[in-house]
Structure formats: C-alpha cells, structure tokens
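Structure first, then comments.
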C-alpha cells in the first residue's frame, strides 16, 4: 500500500523568505508524485507533478519540487514566497492503480 | 469549460435523513473519487471508481454509498447521516492511464445536526 507523510503541519514565513515543504512517501514500485494547493475557501488545484525523467520538476507560480528516489522524498520549494502563497499544500503519490493517496497537508501562512 | 461540478455547495441536514451529493464531470474521465477533508487529517478517500459499474472502497467508506451508472456521474449517498460525517467533501476525476492528476470539484460543506 502507498502512503504519504508531510512533516510540516504549519509553516509561517515572511514575504521573500524561502520555502521548503517536506514530503516522504512509501511505495515499493514506480510512483507518480504530485503537489496540490488549496487556497482559502477553494478546491484543490494541481501545482506540479512528476512522472519520469528529470527529477527536478517546475510547476506554476514559481514552485518546484525535487524527486529523490533514494530518500523517497518529493519536497516542494520556492525561493521567495509571496503573501498570495498563503494556502494549504498537499503532497500525493500514486502507484500502479493511478489512484492517489494524499498527505495530511501543510498550512502555509505568509506574512506581508 | 472542463470541470467537475458538485451540488450542493452547502448542506445542513438532520441525523438520519438520507441525502445525495451529486458529482458530474464533462471530460470523459474514467477515474472518479470522493474525498472528505477534515482539519488535521487532510484528504481521506471515501470511494473511488475506475470506470462505469466499477467502484471500490477507499480509506473511510463506512456510512457512505456510491454508484457509477454513467461515466460522467458519481453521486455520493449518505443513507443515514450522523454528526461525525460533518465535513468538507470533494469529488475528483482523472483520465485513466495518463495520470495527469486529479481535477477537483469545488467542494460540498455538509453539516449534520
């Protein structure tokens, strides 16, 4: 069975600070990895995804994530956050069934 | 516009009164899922469907039913709602085998009193 662990439950940053959100997964085979973002009061939107190839994936709004197979990790990064990045971020993994499992989410608050 | 449509957006009901939350997608997606979102617990999968007439339990199926009679629709049924089913519910769909990631509906906030 696949599982996902997000270590940071709440993160508070000031604008222009750098961001890294941790995500570790557990699955024995080939995986597909995702980060979703949920802005306050809205539904989840896909931020970026990794299927294969270059382990450094670039997404929308300046976000990127790096797949490190040896560490079973897929951490999300952004060099300089903005107030508008305040949201909840979910990491997800899917194996052979293509049905994703989501982490518990990380709440990010960015102070202006 | 490609989208997943859930109805209603908000619902307050009483314990034991059967209800249905509808979900419809216009993208011809094979895969559809229902999730509930609760503070501190993230998204937990209730049921999923990999195609018409093919459904399976997710992590928290107790108290819920689903059906997939048509590709586009995947209703969530609460036969006898209880207060512990008060939650934010999301329907999602994706294309089979492509794994482009899920497209989510706007959510249904359900309160059971």
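The values are calculated or read from the model by the stated rules, or taken from the named source; none is laboratory data. Given the structure is predicted, the values throughout are model-derived calculations rather than measurements. Neighbour counts run over all protein chains shown; Cβ positions are idealised from the backbone, glycine included.
Which residue out of A:36, A:27 is crowded, with 21+ Cβ neighbours inside 10 Å and touching a residue at least 12 places away in the same chain (Cβ under 8 Å)? Please lay out each step first, then the result.
Details: A:27 fails: crowded, with 21+ Cβ neighbours inside 10 Å.
Of the residues listed, the single one that is crowded, with 21+ Cβ neighbours inside 10 Å and touching a residue at least 12 places away in the same chain (Cβ under 8 Å) is A:36.
Considering each of A:73, A:18 in turn, give the residue that is surrounded by 14 or more Cβ atoms within 10 Å (Cβ to Cβ), more than 29 Å from residue B:4 (Cβ to Cβ) and modelled with pLDDT of 95 or more. Show your work before the answer.
Numbers: A:18 fails: surrounded by 14 or more Cβ atoms within 10 Å (Cβ to Cβ).
Being surrounded by 14 or more Cβ atoms within 10 Å (Cβ to Cβ), more than 29 Å from residue B:4 (Cβ to Cβ) and modelled with pLDDT of 95 or more holds for just one of A:73, A:18, which is A:73.
Kindly indicate the residue of region A:80-112 that is farther than 30 Å from residue B:31 by Cβ and in contact with a helix residue (DSSP H, G or I) (Cβ under 7 Å, 6 or more places away or on another chain) and also surrounded by the fewest Cβ atoms within 10 Å (Cβ to Cβ) among those meeting that condition.
Going through region A:80-112, the residues farther than 30 Å from residue B:31 by Cβ turn out to be A:80-84, A:86, A:109-112.
Narrowing the set further to residues that are in contact with a helix residue (DSSP H, G or I) (Cβ under 7 Å, 6 or more places away or on another chain) leaves A:110, A:112.
Values: A:110: 19, A:112: 8.
Filtering region A:80-112 for residues that are farther than 30 Å from residue B:31 by Cβ and in contact with a helix residue (DSSP H, G or I) (Cβ under 7 Å, 6 or more places away or on another chain), the one surrounded by the fewest Cβ atoms within 10 Å (Cβ to Cβ) comes out as A:112.
I'd like the full set of residues that are assigned to a loop (DSSP other than H, G, I, E, B) and touching a residue at least 60 places away in the same chain (Cβ under 8 Å), limited to region A:81-112.
Step one: list which residues in region A:81-112 are assigned to a loop (DSSP other than H, G, I, E, B), which gives A:81-82, A:86, A:95-100, A:103-105, A:112.
Listed by number, the residues that qualify are A:81, A:82, A:95, A:96, A:98, A:100, A:103, A:104, A:105, A:112.
Checking the conditions here, which among B:103, B:55 is more than 19 Å from residue A:35 (Cα to Cα) and buried (at least 16 other Cβ atoms within 10 Å of the Cβ)?
The conditions single out B:55.
Working only within region A:26-73, note down all residues that are over 30 Å from residue B:10 (Cβ atoms), in a strand (DSSP E or B) and within 14 Å of chain B (Cβ to nearest Cβ). Full working, then the answer.
So the first thing to find is which residues in region A:26-73 are over 30 Å from residue B:10 (Cβ atoms), and the list is A:26-33, A:48-59, A:62-73.
Right, trim to in a strand (DSSP E or B) and you get A:26, A:32-33, A:48-50, A:56-58, A:64-68, A:73.
Correct list: A:32, A:33, A:48, A:49, A:50, A:57, A:65.
The rows are residues; the columns are (1) more than 10 Å from chain A (Cβ to nearest Cβ); (2) modelled with pLDDT under 95; (3) within 13 Å of residue B:91 (Cβ to Cβ); (4) in a loop (DSSP other than H, G, I, E, B).
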residue	(1), (2), (3), (4)
B:21	yes, no, yes, no
B:45	no, yes, yes, no
B:70	yes, no, no, yes
B:80	yes, no, no, yes
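Residues that are more than 14 Å from chain A (Cβ to nearest Cβ), part of a strand (DSSP E or B) and surrounded by fewer than 13 Cβ atoms within 10 Å (Cβ to Cβ): does region B:27-43 have at least one?
Step one: of region B:27-43, the residues more than 14 Å from chain A (Cβ to nearest Cβ) are B:28.
Then keep just the ones that are part of a strand (DSSP E or B); that gives none.
Checking region B:27-43: not a single residue is more than 14 Å from chain A (Cβ to nearest Cβ), part of a strand (DSSP E or B) and surrounded by fewer than 13 Cβ atoms within 10 Å (Cβ to Cβ).
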